[in-house]
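Engineer: Can you read through this structure? Questions will come right after.
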Amino acid sequence: MAIGFLLAVALLFVAWQWHEWQTDRMGAEEIVRGQAEALARAVIGAIRSHRRLGAFFDQQIQVALDELVDSHDVLAAGIADKNHRFLLRAGANLPEIPPGDWAKLPEGFLIQKAFELPPLPPEGPGRGRGFGWGRWFRDAMEQENPSHFANGGNFLVILLLDRSGYDAQMRRAAISRLVAVATGLGCLALLALVWGLATRALTAEHERRLAELRAKHYEELGQAAAGLAHETRHPLGLIRGWAQKIAQSAEPQSPVAREARLVMEECDRLAARLTQFLTFAKPYRPRWELVHPEPIIQELLTLLEPDCEARAVRCHFERPDRPIAFWADPELFRQALFNLLHNAVKFTQPGTSVEVSTRVSSNCSTIEVRDHGPGVKPEQLPRLFTPYFSTDPQGSGLGLALVRKVVEAHGWDIQYEPLPEGGSVFRIVIPMNKRKPAPTPERPTGRGAGTLAPGNLEPAPDAPGGDGP
């Protein structure tokens, strides 16, 4: 929204500067036109007031036109009849005269000013009434070189004015407007940059605080889980031990032995749930190593072969064109990938397949797990990857949440995408980082909740359901 507002302001500023330049251009053109009309009126006034000079009048008008052209601003001048035939002209050759009284040509500004002269009376003021030699000489000259204006008529004064000064002024105005536009856009770009940096800084600070709160929550949850494990494992072990003794002491097919075995199974089931909860609750501090995912994927697919055979599901691994390697904690990566694969095998339809593929680009590596199950309903998507959400009635809802926690601990991204034909694609996106991350303290290891070795990856029936009903 902020970028759109800044773009709108930039467009308005550019439009304003364009309008101002057009105003400057029209004002300068009006000034030139006013000067041209003043010169044309001066020529017309001279013709009307001095045409009684007779034979010498045309020569005087020609001299006046020559002097007018000798000035700096007039390139050509002429007087034409109503048919645009020049009677008198001076200066450069006039271009083809367009219609209208004002035209802006490449050669200059052309103005045409029409005027009308009545015919001169045979005798009158200024003609003289004597019979001396001067009158005889003047009459002889008029008969030999009659004036073009003696009989009156409609005429045109045509002036071609130099436009070099106007063009220079317009160039200076355009340069000043361009400088203003560049300065304004630069200020807006700087403002946008500052806005973007400030927004990014605020977002980063917000994410940092959320990460701190989440880490604190996980730490408190881990402490609570450790206390819960201490308070629960001991009595749970006693219950299972007594049930085992009862099952061993009674007849194998007796109701007491069967019920004791059920108690043992429930104790084992509760212990597995407790282990999974502790695994999710403890804070993750990755132990960074350079990981090659292909052997890990192949190992996990081999581990899941019994489940695949039981459900009549095929597993296919699409190897990349070139080897992939990235910095990660191999045990945490193995646990997250196992959860995705076990989830896909559990929910995919019999007779179909689970596909695993890896890709690498210039900026990231991608690991995809694709199944052909029922997929996730649109109304369930906001709860995906959240703790205790499962579409499996027997699931604990911690599997996909654990995957998200592992991914976030590495600074990666987990994505979900439904398939048009049905099914799901879970995608782990790993940004490329050529530098080895800073070392972190080793996480506590041991049996039970703290151990993520391959032997502890249990495809138990309480693995989470995240992509099926």
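Engineer: Mind ordering 301-307, 73-79 by average Cβ neighbours within 10 Å, highest first?
Structural biologist: The peptides rank, most packed first, as 73-79, 301-307.
Engineer: If you don't mind, another one. Decide, for the range 232-337, between rounded, prolate and oblate: order the square roots of the alpha carbon gyration tensor eigenvalues as a ≥ b ≥ c, take rounded if a/c falls under 1.5, and otherwise choose prolate if a/b is larger than b/c, else oblate.
Structural biologist: It comes out oblate by the Cα gyration axes.
Engineer: So if the hydrodynamic radius of the range 187-293 is defined as the Kirkwood radius over C-alpha pairs, what does Stokes-Einstein give as its diffusion coefficient at 37 °C and 0.692 mPa s, in µm² per second?
Structural biologist: After rounding, the answer is 177 µm²/s.
Engineer: Ok, one more. Determine the sum of side-chain charges near HIS19: Lys and Arg each +1, Asp and Glu each -1, restricted to other residues whose C-beta is under 15 angstrom from that of HIS19.
Structural biologist: Computed value for this residue: 0.
Engineer: Related question: More than 13 Å apart: what percent of Cα pairs in the range 273-321 qualify?
Structural biologist: Value for the range 273-321: 72 percent of Cα pairs lie more than 13 Å apart.
Engineer: Same structure again: Return one whole number: the accessible area per residue of the range 350-392 in Å², for a 1.4 Å probe.
Structural biologist: 47 Å²
Engineer: Let me ask you something else. For the range 1-87, which whole percent of the accessible surface, found with a 1.4 angstrom probe, sits on carbon and sulfur atoms?
Structural biologist: Here carbon and sulfur together make up 65 percent of the probe-accessible area.
Engineer: Over 23 Å between C-alpha atoms is what I'm after, so list which of LYS82/LYS113; LYS245/LYS346; LYS216/LYS405 land there.
Structural biologist: LYS245/LYS346
Engineer: Here's another thing I want to ask about it. In Å², what does the accessible area per residue of the range 1-113 work out to with a 1.4 Å probe?
Structural biologist: Normalised by residue count, the accessible surface of the range 1-113 is 59 Å².
Engineer: Continuing with the same structure: Can you pull the percent of the range 320-385's accessible area that's carbon plus sulfur, 1.4 Å probe, other chains left in place?
Structural biologist: Answer for the range 320-385: carbon and sulfur cover 51 percent of the accessible area.
Engineer: Measuring with a 1.4 Å probe in the full set of protein chains, what accessible area per residue, in whole Å², belongs to the range 189-333?
Structural biologist: 66 Å²
Engineer: Based on the Cβ-Cβ distance of GLU205 and SER164, what FRET efficiency does E = 1/(1 + (r/R0)^6) give at R0 = 45 Å, to the nearest 0.05?
Structural biologist: Using R0 = 45 Å, I get an efficiency of 0.15.
Engineer: If a/c stays under 1.5 just call it rounded; otherwise compare a/b with b/c (prolate if a/b is bigger, oblate if not). Do that for the range 1-107, with a ≥ b ≥ c from the square roots of the Cα gyration tensor eigenvalues.
Structural biologist: Note, shape of the range 1-107 comes out prolate.
Engineer: While we're looking at this one, here's another question. Mind grabbing the base-10 log of I(q)/I(0) for the range 250-303 at q = 0.23, 0.31 Å⁻¹? Debye formula, identical points on the C-alpha positions, no solvent, two decimal places.
Structural biologist: Listed by q, the Debye log ratios stand at -0.94, -1.02.
Engineer: Related question: Going Cα to Cα from LYS104, which aspartates and glutamates come in below 20 Å? Please leave out same-chain ones fewer than 8 positions away.
Structural biologist: ASP24, GLU29, GLU30, GLU37, ASP73, GLU96, ASP162, ASP167
Engineer: Also, quick follow-up: Can you tell me how much longer the chain between ARG258 and LEU193 gets when fully stretched, taken as 0.36 nm per residue apart minus their C-alpha distance, in nm with one decimal?
Structural biologist: Roughly 16.1 nm would be gained on extension.
Engineer: Also, quick follow-up: Quick check on packing: order 247-254, 148-155 by the mean number of other C-beta atoms within 10 Å, highest mean leading.
Structural biologist: Going from most to least packed, we get 148-155, 247-254.
The values are calculated or read from the model by the stated rules, or taken from the named source; none is laboratory data. Predicted model, so just to flag it, every value in this text is computed and none were measured. Glycine gets a Cβ as well: all are built from the backbone with ideal geometry, and neighbour counts include every protein chain shown. Accessible surface is based on the protein model in full, side chains and every heavy atom, while ligands, DNA and RNA are left aside. Shrake-Rupley method; radii C 1.70, N 1.55, O 1.52, S 1.80 Å.
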